[in-house]
Structures are given as structure tokens and as C-alpha cells.
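Here's the structure we're looking at; comments come further down.
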Amino acid sequence: MGRIGKRITTIITAAMIITIIVLLFYLDNMKNKDKKAQEASIRNEAAEQLLDRDMEEDYPSTPEEVAEYCSNITEMLYSGTEDSYIEALAMKIREIYDDEFLENNEEEKYLTNLYSDIAAWKKAERTIINYVVLKDDEKNIKTIDGREYATIRVSYTIMEKVKVSEVRKYLLRKDEAGRWKIFGWETEPKKDNQNNNDDN
């Protein structure tokens with residue numbers, strides 16, 4: 001085979017290799033798009049289920065169930081849910097907030113702060129990937145000035161640069177209708193072994 005033949009063979013071989021690489025890249029890209037679309041579809045279905053819950057007929061009956069429902073919505077808000085669902089989920093979660101909490105967090109200000117917080121999480125590529133309502137040994141229910149209060153702890157697993165846990169302690173108060181409502185919350189200080197994983 002002459003020089004021209006070898007060059008043609010080399011060019012054809014190189015073109016085939018490039019074509020195969022481009023094709024593999026394209027197929028991988030399509031697979032990732034399909035996976036993302038499937039994950040988004042699952043999230044959207046979960047959001048619809050949360051929004052469809054009739055809180056008059058099916059209100060959570062215990063402090064743990066209220067914390068579970070709150071955490072479910074919180075996870076949805078901070079895990080890449082489509083923007084079209086954010087306001088609806090934010091309004092839904094307000095249905096389990098105590099009246100006094102709502103008065104101190106009026107709707108417009110609440111939504112502005114929430115959108116800002118979610119944007120900061122997206123920028124940091126930070127998402128909630130799981131949560132667990134922690135079972136304490138004792139029922140933390142107390143009566144103060146004739147009102148019943150409960151504390152429930154929830155551990156959130158958050159993915160940023162590394163996977164970390166964040167424990168939030170919810171304070172709930174029973175309203176006049178006997179429904180537990182979220183009165184507020186605080187994030188518990190991180191334990192020493194988590195401080196190495198997260199700078200916050």
C-alpha cells in the first residue's frame with residue numbers, strides 16, 4: 001500500500017474514532033437528560049401529592065406527623081423542585097404554622113425571604129436529600145399558661161460539597177381546635193465530628 005493509501009486509511013480510522021466518541025458523548029448526554037427529566041417528573045408528582053392534601057379533612061394528628069409533613073415540604077423546596085411549585089408549596093406549609101408565627105412572618109415578606117434562601121442554596125449547589133424525624137425517649141409535651149407545647153427534632157441530610165447532617169428542633173403549639181401548629185424552630189449546633197465536614 002502506498003503513502004496515499006496509508007494516509008486515507010489513517011484519515012478514515014481517525015474519522016471513525018471521532019464519530020464513535022461523538023456518538024458516545026451524545027448518548028451519554030441523552031441518558032443524563034432522560035434521568036434528570038425522570039427525577040423532575042418524580043419530584044413534580046410528589047409536590048402534587050403534598051398540594052392535594054386536604055388539611056381540613058386530613059390534618060396531621062400528632063406533633064411528629066406535623067413535623068413529618070413540614071419536613072416533606074421543606075425537602076421539596078430545597079431539592080430542586082420546579083419554580084412553578086415553590087409558591088404553592090410555600091402557601092401549603094403555612095397551613096401548619098401557628099397564628100402568632102404567621103403574624104410575625106406576613107406572606108409577602110415570607111415568600112421574598114424563601115425565594116432568596118432557595119436561590120442561595122441553588123447557587124451553592126446545596127440540596128436536602130433526606131430527612132428523619134428523630135424519636136426521642138420521652139414525649140416532649142409541656143403545658144405553659146394553659147397551652148400545650150411540644151418539641152420535635154428532625155435530622156436533615158444535606159448535600160453540598162460533602163454530605164452533612166443538620167438537626168432542626170421544631171416547637172409546636174396546640175391551637176384552639178386541638179391541632180398542633182409549628183410555632184418556630186432552631187437549628188441545633190453541629191457536633192464536633194461534623195464541623196470538619198462543613199464550614200457553616
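The values are calculated or read from the model by the stated rules, or taken from the named source; none is laboratory data. Just so you know, these numbers come straight off a predicted model, no measurement behind them. Neighbour counts run over all protein chains shown; Cβ positions are idealised from the backbone, glycine included.
Might you let me know whether the stretch 96-103 holds any residue that is out of contact with any Pro (no Cβ under 9 Å at 6 or more places or on another chain) and without any contact (Cβ under 8 Å) to a residue 24 or more places away in the chain?
yes
Restricting to the stretch 113-140, name every residue that is surrounded by 14 or more Cβ atoms within 10 Å (Cβ to Cβ) and either part of a strand (DSSP E or B) or under 17 Å from the mean Cα position of the chain (by Cα) (or both).
Within the stretch 113-140, Leu114, Tyr115, Ile118, Trp121, Arg126, Thr127, Ile128, Asn130, Tyr131, Val132, Val133 meet the criteria.
Determine which single condition Trp180 fails, assuming it passes every other condition in (1) buried (at least 17 other Cβ atoms within 10 Å of the Cβ); (2) under 21 Å from the mean Cα position of the chain (by Cα); (3) within 23 Å of Arg53 (Cβ to Cβ).
Trp180 satisfies all of (1) buried (at least 17 other Cβ atoms within 10 Å of the Cβ); (2) under 21 Å from the mean Cα position of the chain (by Cα); (3) within 23 Å of Arg53 (Cβ to Cβ) except (2).
Condition check ((1) of a type in the set (S, T, N, Q); (2) crowded, with 16+ Cβ neighbours inside 10 Å; (3) at pLDDT below 85) across all residues:
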{"site": "Gly146", "(1), (2), (3)": "no, no, no"}
{"site": "Tyr156", "(1), (2), (3)": "no, yes, no"}
{"site": "Met159", "(1), (2), (3)": "no, no, no"}
{"site": "Arg173", "(1), (2), (3)": "no, yes, no"}
{"site": "Asp199", "(1), (2), (3)": "no, no, yes"}
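Out of (1) assigned to a helix (DSSP H, G or I); (2) at pLDDT below 95, what's the single condition that is false for Leu102?
(2)
Residue by residue through the stretch 47-66, note down the ones that are crowded, with 17+ Cβ neighbours inside 10 Å and over 16 Å from Met91 (Cα atoms).
Residues satisfying the conditions are Pro60, Pro63, Glu64.
Among the numbered criteria (1) among the hydroxyl-bearing types (Ser, Thr, Tyr); (2) loosely packed, with under 10 Cβ neighbours inside 10 Å; (3) modelled with pLDDT of 90 or more, which single criterion is violated by Ser84?
(3)
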